[in-house]
Amino acid sequence: MITFIISCEEVEKKYEYSTEDNINRLKMDIIKDFELSCDYIDLNITIERAIRVMGKFNMEPGILPRSMDMYPFNRYGIDGKTITAEFIEVKDYKHLMLKLPKIKKIKSDNSKKSDNKIFNLNSEEDFPSL
């Protein structure tokens, strides 16, 4: 579980999420719980030190880039940590939550014959000199 402590002026709220949730869900919960009139917010991370894990995204102090909203928390390496943050209301921003495309596997048709060409390594025709 990941714990976020979000503060605004004198009000502080605690949010707990699994590693499968993402920043966008946290932002939507903040908008709902704080009864904000805007459709989007930026998160200002206020931790003392950056959290760096090899092969994962860094969680650094400062405003979290909007492009990171869609990635699940398991991509950050913050499992079991408590993250403190504040939010900044954003007016006139239309948030587009894009889903990553799923790659379809192409089925190979074994009924087709493959052309197995035989090359002569000593042939000037198959391998002309440079």
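The values are calculated or read from the model by the stated rules, or taken from the named source; none is laboratory data. Treat the numbers as computed from the prediction; the structure is a model and nothing was measured. Virtual Cβ from ideal backbone geometry, glycine too; neighbours counted across all protein chains shown.
The table for this structure:
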item: Flag if LYS14 is in contact with a Ser or Thr (Cβ under 9 Å, 6 or more places away or on another chain) and exposed (fewer than 13 other Cβ atoms within 10 Å of the Cβ); result: yes
item: Residue count, the stretch 63-82 (criterion: surrounded by fewer than 17 Cβ atoms within 10 Å (Cβ to Cβ) and either over 16 Å from LYS27 (Cβ atoms) or touching a residue at least 60 places away in the same chain (Cβ under 8 Å) (or both)); result: 6
item: Count of residues meeting criterion [modelled with pLDDT of 90 or more and surrounded by 13 or more Cβ atoms within 10 Å (Cβ to Cβ)] in the stretch 83-106; result: 7
item: Which numbered condition ARG52 misses (of (1) loosely packed, with under 14 Cβ neighbours inside 10 Å; (2) free of Cβ contacts under 8 Å to residues at least 60 places away in the same chain; (3) over 18 Å from MET68 (Cα atoms)); result: (3)
item: Whichever residue in the stretch 42-82 is on the phi < 0 side of the Ramachandran plot and of a type in the set (Gly, Ala, Ser) and, among such residues, is modelled with the highest pLDDT; result: ALA50
